[in-house]
Amino acid sequence: MQHNDFFTVNGPLKANIEPVPQGSALPELEQYIAEIPAPFVASSEFALLDQQNDAAKHELNQHNLKHVAELIEQQNRKLNLLLNYLISQQDTPEFRYMTTSFGAGQLTYLSRQSLELGQYARVKLFLDHPPAGIFCYAQVSEITPAEQGFEVTLTFVRILEEHQDLLIKASLYQQQKLLRQRSLDRDKQ
């Protein structure tokens, strides 16, 4: 899929964006996969298990085993806390940014430094919902001068399909939050 096949939502997402020196080649798929930090690989596996957990929880509730379902949910929360801690250890403060928008195909953020169109960047994304870490490579596709630096759009060029799926879920969750807030704001008027 092309990056424009995915919708983008306005919202903050903690990211590490490390520019790769201009002229550097994009790593081959095998090299990219080898670079993915272990906690990020684990978070993808946890996300798949969460889907199975939801189905099992539904089935347990239907068979009147609510307490067993609650116990499983408590254990899942504990594991997610541990996973989030492990993922947070991959955060590098010198490359830390907050996105202004994101989706499964690209992200936009404000940068203090100018990058070159076509330049690659190594990207780590730290998702809250679903709790996960994403490691990918992106390419600068747009740069716009802004008040405090530059608004930079990065298009994902080397990303695992399961990581794109996680970004789809995160952007849908963010969209839901924005719509809920808009509804609350409208009700206050």
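Data for the structure
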read-out: Mean shadow area of the chain over all directions, Cα convex hull, nm²; value: 13.6 nm²
read-out: Accessible-area value, SER24, 1.4 Å probe, nucleic acids and ligands omitted, Å²; value: 40 Å²
read-out: Loop-resident sites, region 108-175, for trypsin sites (Lys or Arg not before Pro), counting at most 11 other Cβ within 10 Å (DSSP); value: ARG112
read-out: Solvent-accessible area of HIS129 with every protein chain in place, 1.4 Å probe, in Å² to the nearest 10; value: 90 Å²
read-out: Additional length obtainable on full extension of the chain from LYS177 to LEU71, 0.36 nm per residue less Cα span; value: 35.4 nm
read-out: Exposed GluC sites (Glu not before Pro) absent: longest stretch of the chain, with sites in DSSP loops and at most 13 other Cβ within 10 Å deemed exposed; value: 29-115
read-out: Accessible area, probe 1.4 Å, largest first, for residues ILE33, ILE87; value: ILE33, ILE87
read-out: Rounded accessible area of THR100 (nearest 10 Å², 1.4 Å probe); value: 50 Å²
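The values are calculated or read from the model by the stated rules, or taken from the named source; none is laboratory data. This structure is a prediction, so every number in the text was calculated from the model and none was measured. Cβ: placed from backbone, ideal geometry, glycine included. Neighbour counts: every protein chain shown. To get the accessible areas, we keep the full protein, side chains included, count just its heavy atoms, and leave off ligands, DNA and RNA. Shrake-Rupley method; radii C 1.70, N 1.55, O 1.52, S 1.80 Å.
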